[in-house]
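Inspection log for the structure reproduced underneath, given as structure tokens.
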Amino acid sequence: MKRLRFSTTIHNISTWNVRGMNIGKLEIIKQEMQRLHIDLLGSSELHWTGNGYFKSDEYTSAKAVYSFNIASDRITSIRITGSPRSITVLQAYAPTADAPEKDIEDIYTKLQETIDQIPARDIIFVMGDFNAKVGSGEDLPAVGKFGLGEQNDAVDRLIQCCTENRLSIMNTWFEQPKRRLHTLTAPNGIHRNQIDYILCHRCLESSILATKTYPGANCGSGLPVNMHLIR
């Protein structure tokens, strides 16, 4: 099995709520991954049933995949054999802020259970659509000064998860133009929200070059959040 090595190589990790998937959209997303040089993409809200896969010989990180796990219909994880440490990436899709409290609690309970099963030495990334607005977050742990908008009720549970696992919300740590921060545009075309995030362990903060969205990427849904990682 090939190992993914961290040296001076830049790796691009992304999350994207695609708002429903079909064969045509899958081809568009694959093209966007190539155009944006995305090495690993986690997608939310597929609305696909059954199972299947697609294969591309253009992604070297795929050759380093050790395991893939479906924890629930909202949480998946992938473990990549790396050197000197392996990498586990979790993709999550949380309910909206107005969902029943039990639904929100259930997803975070399952997320914590999944994190607890990760080998202690693994590098961990947690990413996805959390439907939480963290705002600038200057008064919150794990949140940088460069978030977008105001906080909503869903932020408390996300921050709790970050605090318990020493995770930072990386797309709030880099100053970017607002068009590089929002991940979702409201139906009125005016209001823009930041609800998709990439979290990483605090010990890795110095390895992150930038985290931002790509307004030019398009598959008829929200915008992908892309993190540039170097080690």
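Readers should treat all values here as calculations from the given coordinates under stated rules, not as data from a laboratory. Predicted model only: the values in this text are computed from it and were never measured. With ideal geometry, Cβ positions are generated from the backbone for all residues, glycine too; neighbour counts draw on all protein chains shown.
Would you kindly state how much longer the chain becomes between K110 and Q34 on full extension, computed as 0.36 nm times their sequence separation minus their alpha carbon distance, in nm to one decimal?
That pair, K110 and Q34, stretches by 24.1 nm at full extension.
Do the alpha carbons of any pairs in K30/K110; K102/K178; K25/K212; K25/K63; K30/K102 sit beyond 27 Å of each other, and which pairs?
Details: K30/K110 29 Å; K102/K178 33 Å; K25/K212 22 Å; K25/K63 24 Å; K30/K102 36 Å.
Those over the limit are K30/K110; K102/K178; K30/K102.
Classify the range 4-230: rounded, prolate or oblate, from the alpha-carbon gyration tensor (a ≥ b ≥ c, eigenvalue square roots; a/c under 1.5 rounded; otherwise prolate if a/b is larger than b/c)? Can you show the working numbers first?
Working: a/c = 1.24, a/b = 1.12, b/c = 1.10.
Verdict is rounded for the range 4-230.
Among S206, S14, S44, which comes first, then next, by fewest other beta-carbon atoms within 10 Å?
S206, S44, S14
Which far-off residues, 5 or more places away or on another chain, put their amide H under 5 Å from the one on N131, with H placed in the peptide plane?
Here the answer is A94, since their amide H atoms fall under 5 Å of that of N131.
Of L26, L140, L158, how do they rank once you tally other Cβ atoms within 10 Å and put the fewest first? It would help to have the intermediate numbers written out before the result.
On the way: L26 16, L140 20, L158 28.
Least crowded to most crowded, the residues run L26, L140, L158.
Order of Y197, Y93, Y214 from fewest to most other C-beta atoms within 10 Å?
Y214, Y93, Y197
Between D153 and R121, what length comes free when the chain is fully extended (0.36 nm per residue of separation minus the Cα-Cα distance, one decimal in nm)? The partial results should precede the final answer.
Details: separation 32, 0.36 × 32 = 11.52 nm, distance 3.31 nm.
Once the chain is fully extended between D153 and R121, it gains 8.2 nm.
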